[in-house]
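Here's the structure, in structure tokens; my notes come after.
The values are calculated or read from the model by the stated rules, or taken from the named source; none is laboratory data. For clarity, every value in this text was computed on a predicted model and none was experimentally measured. As a convention, Cβ positions derive from the backbone with ideal geometry for all residues, glycine included, and neighbour counts pool all protein chains shown. Surface accessibility is based on the protein's heavy atoms, side chains included, excluding ligands, DNA and RNA. Shrake-Rupley method; radii C 1.70, N 1.55, O 1.52, S 1.80 Å.
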Amino acid sequence: MEDCPRCGWPRSEVYEVLSRHLTSEGVVSYTRCACGELEVRVQPFAPGAGAVAGTAGTADPPEPGR
């Protein structure tokens, strides 16, 4: 990736992630550069890769009747 055209900050070093969303195409991230420039990034899913939105099996299942 290149550097920010406004200030030269390396785009490979994300300064601040504003939000990240899971979509059917991959993960969309809205980021801010050190100078304040906003950028939208899309990280497409790799073939055969799974997406994890949380951890499974870390909580006990609810008891019946509760």
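Tabulated results
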{"read-out": "Which of Val28, Val17 is most accessible, then next, and so on - probe 1.4 Å", "value": "Val17, Val28"}
{"read-out": "Net charge of Cβ neighbours under 14 Å - reference Glu16; Lys, Arg +1; Asp, Glu -1", "value": "+1"}
{"read-out": "Estimated inter-spin distance, Val42 and Leu18, nm [label 7 Å along Cα→Cβ]", "value": "1.8"}
{"read-out": "Distance (nanometres) between label positions extended 7 Å along Cα→Cβ at Arg6 and Ala34", "value": "1.4"}
